[in-house]
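The values are calculated or read from the model by the stated rules, or taken from the named source; none is laboratory data. Worth saying up front: this structure is predicted, and the values here are computed from it rather than measured. Don't worry about glycine lacking a Cβ; one is built from the backbone with ideal geometry, like all the others, and counts go over all protein chains shown. Surface areas here come from the heavy atoms of the whole protein model, side chains and all, with no ligands, DNA or RNA. Shrake-Rupley method; radii C 1.70, N 1.55, O 1.52, S 1.80 Å.
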Amino acid sequence: MTTIDIDFLSLGVGLLLLLIPVYFLWKYNTGLLKPILIGASRMIVQLFLIGAYLKFLFEWDNPIINFLWVFIMVGVASETSLSGTKLKRKIFFIPVYVGFLVTVVLIGLYFLGFVLQLDNIFSARYFIPIFGIIMGNMLGVNVIGLNAFYDGLQREEQLYYYLLGNGATRSEATAPFIRKSLIKSFSPAIANMAVTGLVALPGTMIGQILGGSSPNVSIKYQIMIIVITTAASMLSLMITIYLASKKSFDEYGRPLPVHVGEKP
């Protein structure tokens, strides 16, 4: 069984479906008409470019080039995640970058080496897609988590100082804000996890089935994809908050100005 190809004419016919959201965004004057048109255009161009790029990566199948790709993509993901927050790049870029890089390498290589048990864990066919899936999921969680943590800390600063004043360490005083950050960033993922298979059939599973894999094989891959992306999202967020805390508090535990526009 082979995957049915979509020719360019059929692709164009499929893209006509975007006229549905475009119409309603225009009709109700949402201000999102231009963003969706730009976003869709960028998506199409970027995917075709990355498709051509991945073709060469698969042909070269070189571990050094594969890791170079990872460093570049972690940088792009870090910049993208910070652009979704109001946090200062000079404080948070390195913590986010390190959190992403350490997590994607640890979780990705663990999956390739111990779960798939590949002879060559750097094989581009597996290395690049798995690392890409992990990074894509970490990005959204980090945006929500960082925003929730630092917005909550700014909004409830008196609670933080109250806990410090009653003998709590900085880690203990920030624990309620980390708790809220985790709840806000992981609640959607946990809800989706609970209905996966009954209400929703995930993209990885559908893609493998369309590619000719048996449902049983596709199911096992999908389970592991959900597990590794959840674990990676959690680990990357905790590493980022830990490293960022070293730059966002002074030696007395007082929060420093971390939002764009805030002055010391």
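Given the criteria under 30 Å from residue 132 (Cβ atoms), among the aromatic types (Phe, Trp, Tyr) and in a helix (DSSP H, G or I), does residue 149 qualify? So residue 149 fits the description; yes. For region 62-83, a residue qualifies if it is open to solvent by 60 Å² or more (accessible area, probe 1.4 Å) and either within 15 Å of residue 103 (Cβ to Cβ) or touching a residue at least 40 places away in the same chain (Cβ under 8 Å) (or both), and the qualifying residues are 71, 73, 80.
Taking the stated definitions as given, is residue 132 out of contact with any Asp or Glu (no Cβ under 7 Å at 6 or more places or on another chain), over 23 Å from residue 246 (Cβ atoms) and either modelled with pLDDT under 95 or open to solvent by 20 Å² or more (accessible area, probe 1.4 Å) (or both)? It is true that residue 132 is out of contact with any Asp or Glu (no Cβ under 7 Å at 6 or more places or on another chain), over 23 Å from residue 246 (Cβ atoms) and either modelled with pLDDT under 95 or open to solvent by 20 Å² or more (accessible area, probe 1.4 Å) (or both). May I ask you to verify whether residue 58 is under 22 Å from the mean Cα position of the chain (by Cα) and either exposed (fewer than 10 other Cβ atoms within 10 Å of the Cβ) or part of a helix (DSSP H, G or I) (or both)? No, not satisfied. Of the residues making up region 215-258, just one is open to solvent by 40 Å² or more (accessible area, probe 1.4 Å), among the polar types (S, T, N, Q) and within 22 Å of the chain's Cα centre (by Cα), namely 230.
Given the criteria free of Cβ contacts under 8 Å to residues at least 60 places away in the same chain, more than 21 Å from residue 97 (Cα to Cα) and not in a helix (DSSP H, G or I), does residue 167 qualify? When the stated conditions are applied, residue 167 passes them. Of all residues in region 88-102, those satisfying the criterion of being among the hydrophobic types (A, V, I, L, M, F, W, C) and over 9 Å from residue 248 (Cβ atoms) are 93, 94, 96, 98, 100, 101, 102. Against the test of being touching an Asp or Glu at 6+ places or on another chain (Cβ under 7 Å) and either farther than 22 Å from residue 180 by Cα or among the basic types (Lys, Arg) (or both), the options 77, 124 yield a single qualifying residue, 124. Just checking, how many residues over region 157-180 are among the charged types (D, E, K, R) and touching a Pro at 6+ places or on another chain (Cβ under 8 Å)? Going through region 157-180 one residue at a time, the tally reaches 1. When we screen 212, 261 for residues that are open to solvent by 40 Å² or more (accessible area, probe 1.4 Å), over 22 Å from the mean Cα position of the chain (by Cα) and not aliphatic (A, V, I, L, M), the only hit is 261. Any residue in region 97-106 that is within 15 Å of residue 245 (Cβ to Cβ) and either in contact with a strand residue (DSSP E or B) (Cβ under 8 Å, 6 or more places away or on another chain) or surrounded by fewer than 20 Cβ atoms within 10 Å (Cβ to Cβ) (or both)? Scanning region 97-106 turns up at least one residue that is within 15 Å of residue 245 (Cβ to Cβ) and either in contact with a strand residue (DSSP E or B) (Cβ under 8 Å, 6 or more places away or on another chain) or surrounded by fewer than 20 Cβ atoms within 10 Å (Cβ to Cβ) (or both). One residue alone among 228, 219, 223, 241 is of a type in the set (Val, Ile, Thr) and free of Cβ contacts under 8 Å to residues at least 12 places away in the same chain, and that residue is 223.
Determine, yes or no, whether residue 122 is in contact (Cβ under 8 Å) with a residue 40 or more places away in the chain, among the aromatic types (Phe, Trp, Tyr), part of a helix (DSSP H, G or I) and farther than 30 Å from residue 262 by Cα. Here the answer is no, as residue 122 does not meet what is asked.
Do you know which residues across region 141-164 are open to solvent by less than 50 Å² (accessible area, probe 1.4 Å) and free of Cβ contacts under 8 Å to residues at least 60 places away in the same chain? Within region 141-164, 148, 152, 163 meet the criteria. With respect to the conditions (1) open to solvent by 40 Å² or more (accessible area, probe 1.4 Å); (2) without any contact (Cβ under 8 Å) to a residue 60 or more places away in the chain, residue 204 lacks only one, and its number is (2).
When the residues of region 5-53 are filtered to those that are assigned to a helix (DSSP H, G or I) and in contact with a Phe, Trp or Tyr (Cβ under 9 Å, 6 or more places away or on another chain), the one that is surrounded by the fewest Cβ atoms within 10 Å (Cβ to Cβ) is 53.
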